[in-house]
1. Tell me, what is the percent relative contact order of segment 145-260, built from C-alpha pairs under 8 Å that lie six or more residues apart?
2. Quick check for you: which residues of segment 229-258 have the amide N under 19 Å from the point 7 Å beyond the Cα of Ser164 toward its beta carbon?
3. Give the shape of segment 63-109 as rounded, prolate or oblate, defined through the alpha-carbon gyration tensor: a ≥ b ≥ c are the square roots of its eigenvalues, a/c under 1.5 means rounded, and otherwise the shape is prolate if a/b is larger than b/c and oblate if not.
4. Can you list residues from other chains, or at least 5 along the same chain, whose modelled amide H is less than 5 Å from the amide H of Glu172?
5. Taking Lys83 as the anchor, which lysines have their alpha carbon closer than 20 Å to its alpha carbon, excluding any fewer than eight residues away along the same chain?
6. Against the longest alpha carbon principal axis of the chain, how many degrees, from 0 to 90 and to the nearest 10, is the axis of helix 316-326 turned?
7. Which value in nm describes the separation of the simple spin-label points at Ala95 and Arg55, placed 7 Å from the Cα toward the beta carbon?
8. Name the residues whose placed amide hydrogens come within less than 5 Å of the amide hydrogen of Thr250, ignoring near sequence neighbours (fewer than 5 apart) on the same chain.
Amino acid sequence: MSKEIKRIGVLTSGGDAPGMNAAIRAVVRAASFHDLHVYGVFEGYKGLINGEVKRLESGDVANTLQRGGTILKTARCEEFKTKEGRNIAYETIKAYDIDGMIVIGGNGTYTGAKYFSEEFDIPFIGLPGTIDNDIWGTDYTIGYDTAINTAIEAIDKIRDTADSHNRLFFIEVMGRHAGFIALDTGIGSGAAYTFLPELDGGVSHLLDMLKKAAIRKKMFNIVVVAEGNANGSVHDLAKAVEENLKGYDTRVTTIGHMQRGGSPSAADRVLASTLGYEAVECLVKGIKNKALGIVDSRLFMCTFDEAINNRKPLNDAKIELLNVLAI
Ligand code: F6P
C-alpha cells in the first residue's frame, strides 16, 4: 500500500522551456485543492543536494503562468549522477518530509528520476519540459510550441531583408540530437531547404536545389539548419555554397537561446497546466515513477525507462510535406 501523500516536492531541471512556470503553478494549485503542501526545489537536482528548498503556497505562483524561464531556476547537475550525490538528496527529501517528487525537464531529468526512484522509496512523476520535443511518450513537450513560434517569427523578419537584397540565408535553430524544431520551423517558415540531424540529404542536394532555383532567377532563399545536423555548421554550409556556386550572396543567423525564452504560447500553457494537474492527481492516487505526456489528446503514462530508451521518430508525412513544399 502506498504511503499517503502530504508533501510534494517540485523542481525544474536541464534546459529551461517556456511553460515550466505554468506547470509549477498547476502543481501548486492542484496540491492546494487536495490540501497538500508543495516544496519548490531550486536549480534542479542541485537544490536537493544543497538543501535549497522553499515552501510554495498558492500566492507564490500568482502572475507566473505567462512568464518564460522557471521561477525555480534550473541546472544540469553532475553530482546527482553519482550515488553519493543521490544519498545527500535523499537526506534533504527526508528533512522536509517530502512524500513524492514532480520533476519537469528532459532526458537527463528523467534519467535522474529513474535512478533515484529505483534506489529510494520516493515516488517520482516526470513531466516533459524541453523545447526539443525529443521525449518519447508525448506528442509535444512543454516549451516546444513557443520555441517554434519564436523561430518562425524571427525567420519572417529575416525573410523581408533576404528578399530585399536577394540573399541566401542560413538560419540555425536548436536541436543537437533531434530535428523536431527544424522540421516544423522549415515547414512553417517556407524554407527552401532544411538540414535535420536525423536525415542526411547532404550538401550536394542543397546545391542541386539552388542551381534549379538560380535558373528561375530565385536567388533569395531561406535554409533552416538544425544545430546537430551532420553536414556542418551554418557557417560551413554557407561557405560550401559560396565556393561551389556563383552569384549567391549568403548570410548566417543563429537564433539560439532566444528560442528558450519568452512568454509561453497558448498551447504550451494549456499543456503545462494539464500535466502539472495530472502529476498531482497521480501522486494522490498512489501512482509512482511514471513519465506523463499527452498522446492523441489523452493522458499517457510510461516508465522512465521507456521514455528514455525509446527514440521518438520524426513524422514521415511531415518530412514529405517539407520536401514537396520546398521545391
Ligand atoms: O535541450 C534544450 C537545448 O536548448 C538544446 O536544443 C540545445 O542544444 C541545448 O539545450 C543548449 O544547451 P545550453 O543552454 O546548455 O547551451
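Read the figures in this text as sums done on the coordinates, not as results from a lab. Being a predicted model, the structure only gives us computed values, none of them experimental. A quick note on method: Cβ atoms are made from the backbone with ideal geometry, for glycine too, and the neighbour counts reach across all protein chains shown.
1. Reported as a whole number, the value is 39 percent.
2. Only 249-254 fall inside the zone, counting backbone N under 19 Å.
3. It comes out oblate by the Cα gyration axes.
4. Val225, Thr253, Thr254, Ile255
5. Lys46, Lys94, Lys114
6. Between helix and principal axis, roughly 30 degrees.
7. For the pair Ala95/Arg55, the computed spacing is 1.7 nm.
8. Residues meeting the criterion, in which the H sits 1.01 Å from N, are Leu168.
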